[in-house]
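Here is the structure we will look at.
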Amino acid sequence: MKKRKRLLWRLFPSYLLITLISLLAVSWYASDAMRHFFLEQTATDLKARAALLEKQITSYLAPLDVKSIDAICKKAGRLSETRITVILPDGKVLGDSRETPGLMDNHANRPEIMTALAGQAGQSMRFSNTLMQRMLYVAVPIMDQQKVLAVLRTALPATAVEAEIRSIQLKIALGGCIIALLAAGISWFISRRISQPIEHMKKSAEHFAAGDLSHRLTPPETEEMGGLADAMNQMAAQLNDRIETIIRQRNQLETVLASMLEGVIAIDTEERIVSINQAAARLFENEPVNCLGKSIQEIIRSPALQQFIRNALIGKNPSEEDITVFQNEERVIAVKGSPLLDANQQQMGTLVVFHDVTQLRRLENMRRDFVANVSHEIKTPLTAIKGFVETLQQGNVEKAQEKERFLNIIQRHVDRLNAIIEDLLALSRIEQEDESKEIQFEPVKMTDVVQAAIQLCRSKAQEKNIHIDLDCDKDAIAMFDPTLIEQAVVNLLDNAIKFSEPESTIQVTSHRDEDQMVIGVQDQGIGIAQKHLPRLFERFYRVDKARSRSMGGTGLGLAIVKHIAQAHGGHVAVDSKLGEGSRFSIHLPQK
């Protein structure tokens, strides 16, 4: 990449180069003009000297007196320090101020002589083989009635003229250097004057680039730069407003997405995650920052979900589906996909919304099971009652004992129906009191409540020779509704007695564990398989339906215990192994 230069180093050399070229051109022109001027002045001077000798030389041409002419040349040349030569039209030298005429070459071919023989003054600068130096020659014709009688030539060494010219050129060069320095300073000043505001604007633009849009440029004095600075300030203000709006909208969107219970993922056409909220990342046991830019195969391990997303990317219409995934446990996810469009309404991906409906589906199943169970629980005794009543109405039973037995059976089924209705009403009442916060909390000694529950169940325990052992802190006082807690303990004891072997022991405990009160009922009965434990507290759920009904249970006892615990802000737990008995515990938080 070509290295960029500062504007100063583009302007300054350009100005300086223009100035130097101008100075060189002017200096060359002035030097050349001065040289021509000096040569012309010297030539004029030589012509003037020749004119002074013209009359004297003319007087010795007719008749021809060579000695006098040569003497005049030598004398005048010595006095004026000028070489003076007289040449006949045929090129023969008559006199010379420096040399003997008879020893000199024919001068007819000399340029200045040829011009003078044509009737005009001739001028030439060349190297003289006679004097062995460069000479300036001026030759003028001596005329008589339009006839050239002779040529009078004057000459001076060119070294003197050239020395004078060099002196003038040196002065011009020195002046040019001074002017160049001044011009360089002025060019630097002008370049700085032009580039400095731009550099200031560049630094201010760097503030903008760094995100400091509150910074403002100081407008330069020039109209153009001032207008540019005002435009940039206005641009920064508008950008700042728009960015703040975008950030505010983004924060609002992120807040909305983060607050959503549903998971939201935006996926591009290459199946890469563009955006994901906290709920979606949590659903797939990850963090949002670790998901961005990754493919769905890296984040979502479910083939069914991956296929749904591919179908959503291909499809043009919204779609939805319930998909079961397995992450530690089975979970049901309601997935909805819709096309993700850009500003031009072109599909750029898909938006997928995940909603964990595991609990909802479980509740739906529980509702269906509840309806089926309660229908079955009520229908069974009603069918029996109806059958026995019809039998009695038809008079098919004549014996009093048989009639009595039928009526006793009807009485038992009626009692069972009544028990179911009472338990359902109790559940409804507990739920209503919990929702309306009408449960009466009061300080109660735990030992009193537990002993009251044991007393109610003691007769049933004695029928099977079951011993109930109590381990309770006699001084422990807790805040709860004594009636409801007593009912919960009674239900647990009733279950423990039903499923315990004769002559076994039931352990009842009550103690404070940090900030909660724990009531436990441990039996030595048949135990419960692990697969039944998650649904044990559902209404009408029975581990062994035939055995439970034969023992007279309604299937609502443990559900009532669960709701009593929840109404107090606590929970109920169970720990059991098949063949090793069970331990039920009620956990009540204490402030």
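The values are calculated or read from the model by the stated rules, or taken from the named source; none is laboratory data. Values in this document were obtained by computation on a predicted structure and should not be read as measured data. Positions of Cβ are backbone-derived with ideal geometry, glycine not excepted, and every protein chain shown enters the neighbour counts. Surface areas here come from the heavy atoms of the whole protein model, side chains and all, with no ligands, DNA or RNA. Shrake-Rupley method; radii C 1.70, N 1.55, O 1.52, S 1.80 Å.
Compactness of region 156-263 was expressed as the Cα radius of gyration divided by 2.2 N^0.38 Å, which yields 2.33. Over all other residues within a Cβ to Cβ distance under 12 Å of P534, the charged ones net out to 0, with Lys and Arg as +1 and Asp and Glu as -1. Rg and Dmax of region 121-181, based on Cα coordinates, read 18.3, 62 Å. The R301 and K464 beta-carbon pair, evaluated with R₀ = 51 Å, returns a calculated FRET efficiency of approximately 0.45. For T324, the shell of other residues with beta-carbons less than 14 Å away shows a net charge of -1, using +1 for Lys and Arg and -1 for Asp and Glu.
Summarise the accessible area of region 272-346 (1.4 Å probe, protein heavy atoms) by the percent that is carbon and sulfur. Answer for region 272-346: carbon and sulfur cover 47 percent of the accessible area.
Positive end of the dipole of the chain (Cβ unit charges, origin at the Cα centre): among Q169, Q146, I385, the Cα lying farthest that way belongs to Q146. Taking θ as phi - 60° and the Karplus parameters 6.51, -1.76 and 1.60, the scalar couplings of region 173-178 work out to 5, 4, x, x, 5, 4 Hz in sequence order, x denoting glycine and proline. Charge dipole of the chain (Cα centre as origin; +1 on each Lys and Arg Cβ, -1 on each Asp and Glu Cβ, all else neutral): 3880 debye, rounded to the nearest 20. Between the listed residues V256, S191, L228, the Cα displaced farthest toward the positive end of the dipole of region 187-286, a dipole computed from Cβ unit charges relative to the Cα centre, is found at S191.
Working from label points 7 Å from Cα in the Cα-to-Cβ sense, the R362 to W28 distance is 9.9 nm.
Of the residues V353, V140, ranked by 1.4 Å probe accessible area with the largest first, the sequence reads V353, V140. Ordering L52, S97, S80 by Cα displacement along the dipole of region 33-118 toward the positive end leaves S80 in first place; charges were set at the Cβ atoms of Lys, Arg (+1) and Asp, Glu (-1).
Working ranking of peptides 313-320, 356-363 by packing, defined as the average number of other Cβ atoms within 10 Å per residue, highest first, is 356-363, 313-320. The Cβ shell under 15 Å around C472 holds other residues with a net charge of -4, Lys and Arg each +1, Asp and Glu each -1.
Each residue of region 202-214 was assigned a 3J(HN,Hα) from its phi angle through the Karplus curve 6.51 cos²θ - 1.76 cosθ + 1.60 (θ = phi - 60°); the sequence is 5, 4, 5, 5, 5, 4, 4, 4, 7, x, 8, 7, 7 Hz, with glycine and proline shown as x.
Take every Cα pair under 8 Å whose residues are at least 6 apart in sequence, average their separation, divide by the length of the chain, and the relative contact order is 7 percent.
What the chain shows is 60 Å² of accessible area per residue, with the surface traced by a 1.4 Å probe over protein heavy atoms.
The Kirkwood radius of the chain, taken over pairs of alpha-carbon atoms, gives through the Stokes-Einstein law at 10 °C and 1.306 mPa s a diffusion coefficient of 41 µm² s⁻¹.
A protection proxy built from the mean count of other Cβ atoms within 10 Å ranks the segments 265-273, 149-157, most packed first, as 149-157, 265-273.
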